[in-house]
Amino acid sequence: MISISKLLCGRSAEGDGLRYDDPDENYDQIREEKQKRPVVVWNTTRRCNLYCEHCYAGADLDPAQGELSTAEAKGLIDDLAAYDVPVLLFSGGEPLVREDLVELVEYATDAGIRAVLSTNGTLITEEKAAALRDAGLSYAGVSVDGLRERNDRFRGKDGAFDAAVRGIENCLSVGLKTGLRYTITEHNAADMEDVVDLLYDVGVDRFCFYHLDYGGRGGDIADADLDDAAQRRAVRRLFDMTREYHDAGEDIETLLVGNYADSAYVVEYAADELGQEHADEIHRYLRVNGGDPTGERVADVDYRGDVHLTQFWQSYSLGNVRDRPFGDIWDDESNPLLAKLREREEHLTGKCVTCQYQDVCRGSSRLRALAATGELFGPDPQCYLTPEERGVSAEPAD
Amino acid sequence: MDRDDDPRRKARIDGSRQWEVFYREQSADPMRHVGGVTAPSLDIAVEQARTLFGDDSESLWLCPADEIVRLGGNNLRAPERTPVDATGATDAADPEVSTE
């Protein structure tokens, strides 16, 4: 997670953004020490009231077998607290279809874990928002993927856009910090700016943009991913838009997730627009805790208790929390895949080998590389950096 | 728990199946569980496992997760937390019981 607003707009030494989806202003975003424990995404359920084209969890309208019960979920939270997990992101499916969500948010908060929510927003009444706030929820990230018509088509349900905006308004009306989650594809890249303008008028001031990852149904629509030129345009437009808002005195927070070529591109952008000193400072900050967090700073536990390297990579699990505590699974580097991912710099191939930004990108998504090339340590197909930006004069032979 | 009720043995609803993967790098090593892959068929599961572990492995075994009988494991059922009153004192008679 790269906090663009904080890197480009003067709040670069404080904030929160490297904590996955955690907007706590009191937490250092760009810290001098590497994050030691992962933020955990928990897919609380596989059920969802929508059917989104890009759903990495492959969520469905029907209930699934083997979901963690309330008692088991509390046991999981205790395991995570014992392991000093800083943030638990309640996700899904749609977490609000779980009747015990408020109870579990409160349980996590009482255990000392910061609770945040990823939701489609359509089920958030004002009463539910107040209950979640009272339970200690720190933040709700609501997914909207385009203006009304495009979003509803993408999400498989007419009225989803209006219901999500109502959910956002309900959160804001009870004082619950709320932000946008937006997955960029070629279908909705043109709507980004209008969605930001619309939701800013509603009261949202945090906007989180995800690049498409190729897990679950996201893998089925990989051909809807942006090409290199469109990626650059979308990301650069976000940089410009962030500065325009801030120049107008409107202190929005913007973040990019999922393609760590963006880390390099923000340094290049800063060098062109803000000067080399500012760019060097951003580069230095990103070195400390930047780059793809898979298997290190982000973990996922699915609705059945399977532990994944990231929430997008559901087709491989490290183990199950019904067999072993989360920390034992996460620390077990006798698993050669986990060990290799944690020293991935030694295994990257192709253009990543000589890239001058490898230290802030770390090869970006291994899942996309695997899906696109069949090579676990091959180049991420979403890398849009030019040879000049990567610091080489010509492409190496792959 | 009755073995047939073990949620770790339940099939996924999307038609895919989970396969536990076991790996050995050298013939003198023990087979080691290295997680599981989810795939719509055995062929695809084998392909996934080979892609993730094949380069270094002397042996790879795959077993359907729903065929494994698991005894023991991590008891996730959390004990009830003891309520804390306004002074921070607990109702617990046993001072060893932590409220956190």
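So the values come out like this:
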{"quantity": "Average other protein chain Cβ within 10 Å of Cβ, residues B:21-34", "calculated": "2"}
{"quantity": "Accessible area buried between chains B and A, both sides summed, probe 1.4 Å, in Å² to nearest 100", "calculated": "2900"}
{"quantity": "Rel. contact order, % - alpha carbon contacts under 8 angstrom, at least six apart, the stretch A:2-335", "calculated": "22"}
{"quantity": "Efficiency of FRET from Cβ geometry, B:N75 and A:A224, R₀ 41 Å, rounded to 0.05", "calculated": "0.40"}
{"quantity": "Distance in nm between pseudo-label sites at A:R233 and A:S69 (7 Å out along the Cβ direction from Cα)", "calculated": "5.4"}
{"quantity": "MRE, 222 nm, helices only [DSSP H, n ≥ 4, -39500 (n - 2.57), over chain A, to nearest 500]", "calculated": "-11000 deg cm²/dmol"}
{"quantity": "Hz values of 3J(HN,Hα) by residue in the stretch B:65-71 - Karplus curve (6.51, -1.76, 1.60), Gly and Pro given as x", "calculated": "4, 7, 9, 8, 8, 10, 10"}
{"quantity": "Separation of the A:D60 and A:D134 label points, Cα + 7 Å toward Cβ, nm", "calculated": "3.6"}
{"quantity": "Anisotropy class of the stretch B:17-67 from Cα gyration tensor, a/c 1.5 cut", "calculated": "oblate"}
{"quantity": "Of all accessible heavy-atom area on chain A, the percent that carbon and sulfur account for (1.4 Å)", "calculated": "44"}
{"quantity": "Residues of the stretch A:324-339 buried by at least 10 Å² on assembly (accessible area, 1.4 Å probe, chain alone as reference)", "calculated": "A:P325, A:S334, A:N335, A:P336, A:L337"}
{"quantity": "Averaged over B:36-42, number of beta-carbon atoms from partner chains that fall within 10 Å", "calculated": "3"}
{"quantity": "Chain A: radius of gyration and largest Cα-Cα distance (Dmax), Å", "calculated": "19.8, 59"}
{"quantity": "Prolate/oblate/rounded call for the stretch A:157-276, Cα gyration tensor, a/c under 1.5 rounded", "calculated": "oblate"}
{"quantity": "Amide proton proximity set for A:E253, modelled H, under 5 Å, gap of 5+", "calculated": "A:R206, A:F207"}
{"quantity": "Extended-chain gain in nm, criterion 0.36 nm per residue less alpha-carbon gap, B:I68 and B:E25", "calculated": "13.2 nm"}
{"quantity": "Calculated FRET value between A:E186 and A:E375, using beta carbons and R₀ = 22 Å, to 0.05", "calculated": "0.35"}
{"quantity": "Backbone HN-Hα couplings from phi across the stretch A:262-272 [Karplus 6.51/-1.76/1.60, Hz, Gly and Pro as x]", "calculated": "4, 4, 5, 5, 5, 5, 4, 4, 4, 4, 6"}
{"quantity": "Contour excess over end-to-end distance, with Cα ends at A:E99 and A:D201 and 0.36 nm allotted per residue", "calculated": "33.6 nm"}
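The values are calculated or read from the model by the stated rules, or taken from the named source; none is laboratory data. Computed from a predicted model, the values in this text were never measured in an experiment. A quick note on method: Cβ atoms are made from the backbone with ideal geometry, for glycine too, and the neighbour counts reach across all protein chains shown. SASA here: full protein model, heavy atoms, side chains in, ligands and nucleic acids out. Shrake-Rupley method; radii C 1.70, N 1.55, O 1.52, S 1.80 Å.
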